[in-house]
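The values are calculated or read from the model by the stated rules, or taken from the named source; none is laboratory data. Note that the structure is a prediction, hence the values are computed from the model and not measured. Please note: Cβ atoms are built from the backbone with ideal geometry, for glycine as well, and neighbour counts cover all protein chains shown. Protein only, heavy atoms only, side chains kept; ligands, DNA and RNA dropped before computing areas. Shrake-Rupley method; radii C 1.70, N 1.55, O 1.52, S 1.80 Å.
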Amino acid sequence: MIFLVSPVIAEGEWRVFTSELGQQLEAKVVKVDGDLVTLQRRSDGRKFVLEVDELSDEDQEWLDAWEEGSPPPTPAKEAEPAEGELKKSLYPRSKKEITAGLKEILGRKIPDGIDKTAGKAVNQLNAYRFLCGVPSVVEADATMNEQATEAAKACDKHGSLSHDLGHFTNICNLSGGPDVVGSVRSYIDDGGANNREVRGHRRWCLNPPMGKTGFGGADRFAAMVAMDSSGDGKGRDSWAYPGKGLFPLEYLHGDGWSLYLRESAPKKDDVTVEVFKLSDRPLKPLTWADKTPGKELEVVWVSTAYNAINFEPKEANKKGIYWVRVRGGGVREQYLVELY
């Protein structure tokens with residue numbers, strides 16, 4: 001981005017700036033010179049010179065508008081969602097809680113008798129489940145690991161993916177490529193024309209009652225035993241991918257979002273899905289009567305299958321605050337996703 005030299009901003013124009021790494025600084029602009037911006041920190045008056053492209057996309061857009069002489073109003077924002085109603089209703093977890101939760105899950109010890117690769121894949125699966133609001137205590141099962149390995153070998157012998165080969169292929173998620181741990185990402189992404197309508201691999205990965213699973217691989221394929229309901233199934237009345245509230249951008253894959261219901265989803269023609277990109281965090285949950293503040297994004301695809309409503313909002317794969325509204329066919333859901 002190219003910036004011109006700007007005059008000193010009026011006293012009192014404070015803003016919380018966010019870096020690409022999520023670090024936040026409450027400051028005001030002193031000047032913008034080329035690709036550099038000088039900020040004065042509010043807490044101690046200290047000045048910092050940063051490269052503009054080190055800041056979030058939102059801050060860069062704000063600086064563009066500020067240079068043109070008409071910046072949008074930017075009341076100081078909190079570094080984390082406030083406790084109480086805001087956190088409970090819109091932000092189930094803080095960034096600190098998410099970081100701690102992921103560290104614990106990904107660092108879980110692999111049980112004796114469980115293949116190390118399969119154990120790591122289960123930890124990866126639980127990380128996604130944690131972020132999406134369903135129980136993240138799925139355990140690796142040695143017998144299921146053997147079943148998944150047999151399914152992957154059957155695909156390898158056949159030369160392509162198929163759920164009709166016997167050898168437990170009918171109860172497995174299947175993936176091309178031998179990377180067993182990396183296959184979890186492909187199941188969650190669930191991309192491709194054949195998967196777009198149902199996104200069934202993702203649905204099975206995020207199924208609340210799952211209590212145990214198995215992973216295995218062959219030379220060219222990987223598999224995951226997906227059809228298990230031995231867990232307690234506790235979770236929210238609805239859950240989503242990306243998960244409600246704060247969600248790390250590195251865990252968002254592809255352009256497909258999903259909302260899952262406890263009951264069957266209605267027909268897709270009965271459902272309306274709206275996605276808005278907000279300029280700031282709402283101070284309280286929005287009601288259906290509220291006019292949504294922000295830019296409405298085009299939703300280019302909606303499908304329903306089993307208990308899932310799948311949709312693809314354009315330009316919703318970058319950092320930002322998104323408000324989702326889904327209604328029709330007996331469904332009336334709205335929630336916030338903040339990608340960071």
Some residue of the range 331-339 being at pLDDT 95 or above, in contact with a helix residue (DSSP H, G or I) (Cβ under 7 Å, 6 or more places away or on another chain) and within 18 Å of Y91 (Cα to Cα): yes
Residue list for the range 150-181, restricted to those being part of a helix (DSSP H, G or I), free of Cβ contacts under 8 Å to residues at least 40 places away in the same chain, open to solvent by 20 Å² or more (accessible area, probe 1.4 Å) and not charged (D, E, K, R): H158, N170
Complete set of residues in the range 200-230 that are in contact (Cβ under 8 Å) with a residue 60 or more places away in the chain and open to solvent by 10 Å² or more (accessible area, probe 1.4 Å): G200, R203, N207, G211, K212, G217, A218, D219, R220, F221, D228
Complete set of residues in the range 99-113 that are farther than 25 Å from Y335 by Cβ and either touching a helix residue (DSSP H, G or I) at 6+ places or on another chain (Cβ under 6 Å) or buried (at least 22 other Cβ atoms within 10 Å of the Cβ) (or both): L106, R108, I110, G113
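State all residues of the range 231-263 that are aromatic (F, W, Y) and either assigned to a loop (DSSP other than H, G, I, E, B) or without any contact (Cβ under 8 Å) to a residue 60 or more places away in the chain (or both); if no residue qualifies, say none.
Taking the range 231-263 as the starting set, the residues that turn out to be aromatic (F, W, Y) are 239, 241, 247, 251, 257, 260.
Once the filter is applied, which keeps residues that are aromatic (F, W, Y) and either assigned to a loop (DSSP other than H, G, I, E, B) or without any contact (Cβ under 8 Å) to a residue 60 or more places away in the chain (or both), the range 231-263 yields only Y260.
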Test for E146: is it surrounded by fewer than 19 Cβ atoms within 10 Å (Cβ to Cβ) and either over 19 Å from C205 (Cα atoms) or touching a helix residue (DSSP H, G or I) at 6+ places or on another chain (Cβ under 6 Å) (or both): no
From the options A316, A289, residue that is open to solvent by less than 50 Å² (accessible area, probe 1.4 Å), outside any strand (DSSP E or B) and either within 23 Å of G192 (Cβ to Cβ) or without any contact (Cβ under 8 Å) to a residue 12 or more places away in the chain (or both): A316
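Going by the structure shown, is G192 under 30 Å from L297 (Cβ atoms), open to solvent by 20 Å² or more (accessible area, probe 1.4 Å), assigned to a loop (DSSP other than H, G, I, E, B) and modelled with pLDDT under 95? First the steps, then the outcome.
Numbers: under 30 Å from L297 (Cβ atoms): yes; open to solvent by 20 Å² or more (accessible area, probe 1.4 Å): yes; assigned to a loop (DSSP other than H, G, I, E, B): yes; modelled with pLDDT under 95: yes.
Taking the combined requirement at face value, the residue satisfies it.
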Residue within the range 124-139 that is over 24 Å from L246 (Cβ atoms), outside any loop (DSSP other than H, G, I, E, B) and open to solvent by less than 40 Å² (accessible area, probe 1.4 Å) present: no
Conditions (1) under 25 Å from K88 (Cα atoms); (2) in contact with a helix residue (DSSP H, G or I) (Cβ under 7 Å, 6 or more places away or on another chain); (3) open to solvent by 30 Å² or more (accessible area, probe 1.4 Å); number of the one not met by A308: (3)
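So which of P266, P209, P282 is at pLDDT below 95 and not small (G, A, S)? Before the answer, list the steps.
On the way: P266 fails: at pLDDT below 95; P209 fails: at pLDDT below 95.
Selected residue: P282, the only one of P266, P209, P282 that is at pLDDT below 95 and not small (G, A, S).
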Pairs with Cβ under 8 Å, 6+ apart, first in the range 109-120 and assigned to a loop (DSSP other than H, G, I, E, B), second of a type outside the set (S, T, N, Q) and open to solvent by 90 Å² or more (accessible area, probe 1.4 Å): I110/K116; I110/K120; P111/E139
Selection count, the range 264-281, where residues are touching a Lys or Arg at 6+ places or on another chain (Cβ under 7 Å) and in a strand (DSSP E or B): 4
